[in-house]
1. Go through (1) of a type outside the set (Ser, Thr, Tyr); (2) more than 14 Å from the chain's Cα centre (by Cα); (3) surrounded by 13 or more Cβ atoms within 10 Å (Cβ to Cβ); (4) under 25 Å from residue 114 (Cβ atoms) and name the single condition residue 21 misses.
2. Looking only at residues that are in a helix (DSSP H, G or I) and touching a residue at least 60 places away in the same chain (Cβ under 8 Å) in segment 59-94, which one is surrounded by the most Cβ atoms within 10 Å (Cβ to Cβ)?
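Each value in this text was obtained by applying a stated rule to the coordinates, not by laboratory testing. From a predicted model like this one, the values you see are computed outputs, not experimental measurements. Counting neighbours? That spans all protein chains shown, and the Cβs are built from the backbone with ideal geometry, glycine included.
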Amino acid sequence: MSSQPVEAAGPLIPMPQLTPDALRAAVAQILPSRLPELNEHLANAATSAQRTSSVGPLRAFTAHWGTVINIERWPQRAARFHACEDLASDPQADPEAARAAASEVSRILRVASEEIGT
């Protein structure tokens, strides 16, 4: 794992355990508007895990939401991530700037994932 990013204000919340209940509580606290999305994703992952007799879908769920939370709990990183997402998806953006923004989105996702060990 790499070290946590240095931000003046620090994280909004500590990194939760990578369990559905802990991730749900964290989303409810810092991303309440995304709680229905998390619940739907969890239900789909559980159904898929049962159908395939595999824990893979549940691992993918915890990796995804752990990464989302690890980005959003750091306000400066979250702001940069969303600004880059917006620029990368803007059809009016300069193509070079859009590519650089997409690369930055990818880097932020990779770092956030590595920090939580997924």
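1. Unmet for residue 21, out of (1) of a type outside the set (Ser, Thr, Tyr); (2) more than 14 Å from the chain's Cα centre (by Cα); (3) surrounded by 13 or more Cβ atoms within 10 Å (Cβ to Cβ); (4) under 25 Å from residue 114 (Cβ atoms): (3).
2. Our first condition is that a residue be in a helix (DSSP H, G or I); within segment 59-94, this holds for 59-72, 75-88.
Pick out the ones that are also touching a residue at least 60 places away in the same chain (Cβ under 8 Å) and you get 72, 75-77.
Working: 72: 21, 75: 15, 76: 12, 77: 19.
Among those residues, the one meeting the criterion is 72.
One line per residue, one yes/no per condition, for (1) closer than 24 Å to residue 117 by Cα; (2) in contact with a helix residue (DSSP H, G or I) (Cβ under 8 Å, 6 or more places away or on another chain); (3) of a type in the set (A, V, I, L, M):
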{"site": "25", "(1), (2), (3)": "yes, no, yes"}
{"site": "30", "(1), (2), (3)": "yes, yes, yes"}
{"site": "60", "(1), (2), (3)": "yes, yes, yes"}
{"site": "64", "(1), (2), (3)": "yes, yes, no"}
{"site": "75", "(1), (2), (3)": "yes, no, no"}
{"site": "81", "(1), (2), (3)": "yes, yes, no"}
{"site": "85", "(1), (2), (3)": "yes, yes, no"}
{"site": "93", "(1), (2), (3)": "no, yes, yes"}
